[in-house]
Amino acid sequence: METAARTAPAAVIVAIDGPAGTGKSSTSKAVAAKLGLGYLDTGAQYRAITWWMVANGIDVEDAVAVADAAGKPAIVSGTDPANPTITVDGTDVSGPIRTQEVTSRVSAVSAVPEVRTVITELQRTIAAEAPRGIVVEGRDIGTTVLPDADLKVFLTASPEVRAARRSGELKGKEAGDLASTQAALAKRDALDSGRKTSPLAKADDAVEVDTSELTLDQVIECVVTLVEEKRTVA
Ligand code: DC
(Lines give C-alpha, C1' and ligand atoms only; values in the text may rest on other atoms or scores of the structure.)
Protein backbone atom coordinates (compact mmCIF):
# COMPACT_ATOMS: atom_id res chain seq x y z
CA MET A 1 0.00 0.00 0.00
CA GLU A 2 1.33 3.45 -0.97
CA THR A 3 1.77 5.85 1.92
CA ALA A 4 2.66 9.55 1.92
CA ALA A 5 5.92 8.67 3.64
CA ARG A 6 6.83 6.26 0.85
CA THR A 7 6.16 8.76 -1.95
CA ALA A 8 8.05 11.67 -0.34
CA PRO A 9 11.64 11.86 -1.57
CA ALA A 10 14.08 10.23 0.84
CA ALA A 11 16.43 12.52 2.74
CA VAL A 12 19.45 13.27 0.61
CA ILE A 13 22.92 14.13 1.88
CA VAL A 14 25.09 16.25 -0.42
CA ALA A 15 28.77 16.90 0.38
CA ILE A 16 30.40 19.87 -1.36
CA ASP A 17 34.12 20.28 -0.80
CA GLY A 18 36.84 22.44 -2.27
CA PRO A 19 39.18 25.30 -1.46
CA ALA A 20 38.12 28.92 -0.81
CA GLY A 21 36.97 31.02 -3.73
CA THR A 22 35.46 28.19 -5.78
CA GLY A 23 31.86 29.28 -5.14
CA LYS A 24 31.17 26.60 -2.52
CA SER A 25 29.03 28.70 -0.18
CA SER A 26 26.92 30.43 -2.84
CA THR A 27 26.41 27.14 -4.69
CA SER A 28 25.62 25.10 -1.57
CA LYS A 29 23.09 27.62 -0.24
CA ALA A 30 21.31 27.95 -3.58
CA VAL A 31 21.19 24.18 -4.19
CA ALA A 32 19.78 23.62 -0.69
CA ALA A 33 17.14 26.34 -1.18
CA LYS A 34 16.09 24.98 -4.60
CA LEU A 35 15.73 21.42 -3.33
CA GLY A 36 14.21 22.23 0.07
CA LEU A 37 17.22 20.87 1.97
CA GLY A 38 19.10 22.16 5.00
CA TYR A 39 22.48 23.87 4.61
CA LEU A 40 25.58 23.62 6.79
CA ASP A 41 28.68 25.80 6.42
CA THR A 42 31.36 23.79 8.24
CA GLY A 43 33.99 26.49 7.65
CA ALA A 44 31.84 28.79 9.79
CA GLN A 45 32.06 26.24 12.62
CA TYR A 46 35.88 26.15 12.44
CA ARG A 47 35.87 29.94 12.30
CA ALA A 48 33.55 30.07 15.35
CA ILE A 49 35.81 27.86 17.48
CA THR A 50 38.79 29.96 16.33
CA TRP A 51 36.95 33.16 17.31
CA TRP A 52 36.28 31.68 20.77
CA MET A 53 39.96 30.71 21.23
CA VAL A 54 41.09 34.25 20.32
CA ALA A 55 38.39 35.87 22.50
CA ASN A 56 39.52 33.73 25.44
CA GLY A 57 43.20 34.56 25.04
CA ILE A 58 44.28 31.09 23.92
CA ASP A 59 47.45 31.04 21.81
CA VAL A 60 46.28 29.33 18.62
CA GLU A 61 49.82 28.18 17.84
CA ASP A 62 49.81 26.20 21.11
CA ALA A 63 48.18 22.95 19.95
CA VAL A 64 48.00 21.54 23.48
CA ALA A 65 46.14 24.60 24.80
CA VAL A 66 43.79 24.53 21.79
CA ALA A 67 43.17 20.80 22.27
CA ASP A 68 42.43 21.25 25.99
CA ALA A 69 39.84 23.95 25.25
CA ALA A 70 38.26 22.31 22.19
CA GLY A 71 35.20 20.98 24.02
CA LYS A 72 34.39 24.17 25.93
CA PRO A 73 32.50 26.46 23.52
CA ALA A 74 28.92 25.53 22.59
CA ILE A 75 28.64 26.07 18.83
CA VAL A 76 25.15 26.07 17.31
CA SER A 77 24.50 26.27 13.55
CA GLY A 78 21.10 27.21 12.08
CA THR A 79 20.60 25.28 8.82
CA ASP A 80 17.99 27.32 6.94
CA PRO A 81 19.75 28.16 3.62
CA ALA A 82 17.85 31.47 3.48
CA ASN A 83 19.19 32.46 6.89
CA PRO A 84 22.14 30.37 8.09
CA THR A 85 23.13 31.34 11.61
CA ILE A 86 26.02 30.58 13.95
CA THR A 87 26.29 31.23 17.67
CA VAL A 88 28.93 30.49 20.30
CA ASP A 89 27.62 30.17 23.86
CA GLY A 90 24.49 31.98 22.66
CA THR A 91 26.32 34.92 21.02
CA ASP A 92 25.78 35.60 17.32
CA VAL A 93 29.28 35.45 15.77
CA SER A 94 28.33 35.57 12.09
CA GLY A 95 30.14 38.93 11.69
CA PRO A 96 33.25 38.43 13.85
CA ILE A 97 34.12 35.05 12.29
CA ARG A 98 34.75 36.74 8.92
CA THR A 99 37.46 39.15 10.16
CA GLN A 100 41.05 38.90 8.98
CA GLU A 101 42.07 38.11 12.57
CA VAL A 102 40.01 34.89 12.50
CA THR A 103 40.76 34.05 8.84
CA SER A 104 44.50 34.16 9.47
CA ARG A 105 44.25 31.80 12.48
CA VAL A 106 41.58 29.30 11.42
CA SER A 107 43.97 26.90 9.65
CA ALA A 108 46.07 26.48 12.81
CA VAL A 109 43.02 25.79 15.00
CA SER A 110 41.35 23.46 12.50
CA ALA A 111 44.52 21.37 12.19
CA VAL A 112 44.27 20.27 15.86
CA PRO A 113 42.82 16.71 15.94
CA GLU A 114 40.74 17.33 19.12
CA VAL A 115 39.09 20.31 17.42
CA ARG A 116 38.26 18.19 14.38
CA THR A 117 36.80 15.43 16.57
CA VAL A 118 34.45 17.86 18.34
CA ILE A 119 33.36 19.66 15.17
CA THR A 120 33.01 16.47 13.11
CA GLU A 121 30.71 14.99 15.76
CA LEU A 122 28.58 18.13 15.65
CA GLN A 123 28.39 17.99 11.86
CA ARG A 124 27.33 14.34 11.81
CA THR A 125 24.58 15.01 14.35
CA ILE A 126 23.24 17.97 12.36
CA ALA A 127 23.27 15.95 9.11
CA ALA A 128 21.53 12.99 10.72
CA GLU A 129 18.78 15.21 12.14
CA ALA A 130 18.00 17.11 8.89
CA PRO A 131 14.48 15.90 8.05
CA ARG A 132 14.67 16.21 4.25
CA GLY A 133 18.43 16.04 3.93
CA ILE A 134 21.18 18.64 3.83
CA VAL A 135 23.91 20.20 1.75
CA VAL A 136 27.12 20.26 3.79
CA GLU A 137 30.05 22.33 2.51
CA GLY A 138 33.65 22.12 3.67
CA ARG A 139 37.02 20.55 3.04
CA ASP A 140 36.72 16.98 4.36
CA ILE A 141 33.00 16.27 4.15
CA GLY A 142 33.16 13.64 1.40
CA THR A 143 36.34 12.02 2.70
CA THR A 144 35.81 12.01 6.46
CA VAL A 145 32.66 13.59 7.91
CA LEU A 146 30.04 11.97 5.67
CA PRO A 147 31.77 9.27 3.61
CA ASP A 148 28.35 7.74 2.81
CA ALA A 149 26.90 10.96 1.36
CA ASP A 150 24.50 10.38 -1.53
CA LEU A 151 26.40 12.83 -3.71
CA LYS A 152 29.90 14.25 -3.37
CA VAL A 153 31.00 17.26 -5.36
CA PHE A 154 34.50 18.76 -5.39
CA LEU A 155 34.62 22.33 -6.70
CA THR A 156 37.81 23.79 -8.15
CA ALA A 157 38.80 26.98 -9.98
CA SER A 158 42.05 28.50 -11.17
CA PRO A 159 44.05 30.47 -8.56
CA GLU A 160 43.46 33.72 -10.52
CA VAL A 161 39.68 33.24 -10.64
CA ARG A 162 39.53 32.30 -6.95
CA ALA A 163 41.51 35.39 -5.93
CA ALA A 164 39.31 37.65 -8.05
CA ARG A 165 36.14 36.19 -6.49
CA ARG A 166 37.50 36.49 -2.96
CA SER A 167 38.57 40.10 -3.58
CA GLY A 168 35.05 40.86 -4.81
CA GLU A 169 33.56 39.38 -1.61
CA LEU A 170 35.92 41.43 0.57
CA LYS A 171 35.39 44.69 -1.33
CA GLY A 172 35.00 47.62 1.04
CA LYS A 173 35.91 45.45 4.03
CA GLU A 174 39.48 44.24 4.23
CA ALA A 175 40.39 43.81 0.57
CA GLY A 176 44.07 44.07 -0.31
CA ASP A 177 45.33 43.85 -3.88
CA LEU A 178 44.69 40.81 -6.04
CA ALA A 179 48.23 39.45 -5.65
CA SER A 180 48.08 39.50 -1.85
CA THR A 181 44.63 37.85 -1.87
CA GLN A 182 46.00 35.11 -4.16
CA ALA A 183 49.02 34.64 -1.89
CA ALA A 184 46.80 34.42 1.23
CA LEU A 185 44.56 31.82 -0.44
CA ALA A 186 47.58 29.78 -1.54
CA LYS A 187 48.96 29.84 2.00
CA ARG A 188 45.65 28.69 3.50
CA ASP A 189 45.31 25.95 0.82
CA ALA A 190 48.79 24.66 1.64
CA LEU A 191 47.99 24.52 5.37
CA ASP A 192 44.53 22.95 4.82
CA SER A 193 45.81 20.38 2.30
CA GLY A 194 49.00 19.59 4.18
CA ARG A 195 47.64 18.92 7.68
CA LYS A 196 47.74 15.36 9.00
CA THR A 197 44.13 15.03 10.16
CA SER A 198 41.48 15.01 7.42
CA PRO A 199 43.11 17.46 5.01
CA LEU A 200 41.35 19.25 2.16
CA ALA A 201 41.01 16.46 -0.41
CA LYS A 202 38.76 15.18 -3.15
CA ALA A 203 37.04 11.89 -2.31
CA ASP A 204 37.65 9.16 -4.89
CA ASP A 205 33.93 9.04 -5.66
CA ALA A 206 33.40 12.82 -5.83
CA VAL A 207 32.38 14.57 -9.04
CA GLU A 208 34.91 17.31 -9.78
CA VAL A 209 33.50 20.53 -11.24
CA ASP A 210 35.93 23.21 -12.46
CA THR A 211 34.00 26.46 -11.97
CA SER A 212 36.62 28.77 -13.57
CA GLU A 213 34.64 29.30 -16.77
CA LEU A 214 31.15 28.85 -15.34
CA THR A 215 28.69 31.39 -13.96
CA LEU A 216 27.27 30.78 -10.49
CA ASP A 217 23.90 29.87 -12.06
CA GLN A 218 25.59 27.26 -14.25
CA VAL A 219 27.35 25.67 -11.26
CA ILE A 220 24.08 25.60 -9.28
CA GLU A 221 22.25 24.02 -12.22
CA CYS A 222 24.99 21.43 -12.60
CA VAL A 223 24.83 20.37 -8.92
CA VAL A 224 21.00 20.35 -8.87
CA THR A 225 21.05 18.05 -11.92
CA LEU A 226 23.57 15.75 -10.21
CA VAL A 227 21.33 15.51 -7.11
CA GLU A 228 18.24 14.80 -9.22
CA GLU A 229 20.09 12.09 -11.15
CA LYS A 230 21.06 10.43 -7.87
CA ARG A 231 17.47 10.59 -6.65
CA THR A 232 16.20 9.04 -9.87
CA VAL A 233 18.68 6.17 -9.64
CA ALA A 234 17.81 5.64 -5.95
O1 DC B 1 35.23 27.67 4.07
P2 DC B 1 36.02 28.68 4.92
O3 DC B 1 37.04 29.42 4.12
O4 DC B 1 35.12 29.58 5.70
O5 DC B 1 36.80 27.76 5.98
C6 DC B 1 37.65 28.34 6.95
C7 DC B 1 38.72 27.35 7.34
O8 DC B 1 38.15 26.28 8.09
C9 DC B 1 39.52 26.70 6.22
O10 DC B 1 40.66 27.46 5.91
C11 DC B 1 39.89 25.35 6.78
C12 DC B 1 38.85 25.08 7.83
N13 DC B 1 37.89 24.04 7.44
C14 DC B 1 38.26 22.74 7.67
O15 DC B 1 39.38 22.48 8.13
N16 DC B 1 37.39 21.73 7.41
C17 DC B 1 36.17 22.00 6.90
N18 DC B 1 35.32 20.99 6.68
C19 DC B 1 35.79 23.33 6.64
C20 DC B 1 36.70 24.34 6.91
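If we sort 53-59, 129-135, 25-31, 206-212 on the protection proxy, mean other Cβ atoms within 10 Å, highest first, what's the order?
Numbers: 53-59: 14.9, 129-135: 19.1, 25-31: 21.7, 206-212: 16.9.
Most protected by this proxy first, the peptides run 25-31, 129-135, 206-212, 53-59.
For helix 113-129, what angle does its Cα long axis make with the longest principal axis of the chain, in degrees from 0 to 90 and rounded to 10?
For helix 113-129, the angle is close to 30 degrees.
Treating the angle as unsigned and between 0 and 90°, give the value, to the nearest 10°, between the Cα long axis of helix 159-170 and the longest Cα principal axis of the chain.
80 degrees
Under the √(5λ) rule applied to the eigenvalues of the Cα gyration tensor, what semi-axes describe the equivalent ellipsoid of segment 187-227? Give them in Å, descending. Present the calculation step by step, with values, prior to reporting the outcome.
Working: eigenvalues 132, 39, 10 Å².
Equivalent ellipsoid of segment 187-227: 26, 14, 7 Å, largest first.
Would you calculate, for the chain, the mean residue ellipticity at 222 nm contributed by helices, counting each DSSP H stretch of 4 or more residues as -39,500 (n - 2.57) and dividing by all residues, to the nearest 500? If you can, show how the numbers build up before the last one.
Values: 10 runs with 110 residues, N = 234.
Computed ellipticity for the chain at 222 nm equals -14000 deg cm²/dmol.
Counting only heavy atoms of protein chains, what accessible area per residue, in Å², does segment 81-234 have with a probe of 1.4 Å? It would help to have the intermediate numbers written out before the result.
On the way: 8110 Å² over 154 residues.
Normalised by residue count, the accessible surface of segment 81-234 is 53 Å².
Pairing the Cα long axis of helix 24-35 with the longest principal axis of the chain, what angle in degrees results, from 0 to 90 and rounded to the nearest 10?
Value to nearest ten degrees: 30.
If you add up the charges near GLU114, with Lys and Arg at +1 and Asp and Glu at -1, over every other residue whose beta carbon is less than 12 angstrom from its beta carbon, what do you get? Spell out each step's value before the answer.
On the way: positive: LYS72, ARG116; negative: ASP68, GLU121.
Neighbourhood net charge equals 0.
I'd like to know how segment 1-109 sits against the 2.2 N^0.38 Å rule of thumb: what's its Cα Rg over that expected value?
Working: Rg = 17.1 Å, N = 109, 2.2 N^0.38 = 13.1 Å.
Expressed relative to 2.2 N^0.38 Å, the Cα Rg reads 1.31.
Calculate how many DSSP beta bridges within the chain are antiparallel, expressed in % of all such bridges and rounded to the nearest 5. Intermediate results must be reported in sequence, preceding the final value.
Values: 6 of 24 bridges.
Counting DSSP beta bridges with both partners in the chain, the antiparallel share is about 25 percent.
Please report the carbon-and-sulfur percent of the accessible area for the chain; probe 1.4 Å, protein heavy atoms only, DNA, RNA and ligands left out.
Values: 6200 of 11450 Å².
Percent of accessible area from carbon and sulfur atoms in the chain: 54.
Using only the alpha carbons, work out the radius of gyration and Dmax of the chain in angstrom.
Cα only, the chain: 17.6, 63 Å (Rg, Dmax).
What order do you get for 68-76, 155-163 when each peptide is scored by the mean count of other beta carbon atoms within 10 Å, highest first? List each step's numbers first, then the result.
Values: 68-76: 15.7, 155-163: 18.8.
Result, highest mean first: 155-163, 68-76.
Which one, GLY18, GLY36, GLY142, has the greatest fluctuation when you compute a Gaussian network model over the chain with C-alpha springs under 10 angstrom?
Taking springs between Cα atoms under 10 Å, the residue moving most is GLY36.
Which log10 I(q)/I(0) values does segment 108-210 give at q = 0.18, 0.22, 0.24 Å⁻¹ under the Debye formula, counting every alpha carbon as one identical point scatterer?
Result of the Debye calculation: -1.01, -1.19, -1.24.
The values are calculated or read from the model by the stated rules, or taken from the named source; none is laboratory data. This structure is a prediction, so every number in the text was calculated from the model and none was measured. No Cβ is skipped: glycine too gets one built from the backbone with ideal geometry, and neighbour counts run over all protein chains shown. Ligands, DNA and RNA are stripped out before the accessible areas are found, and what is left, the full protein with its side chains, is counted by its heavy atoms. Shrake-Rupley method; radii C 1.70, N 1.55, O 1.52, S 1.80 Å.
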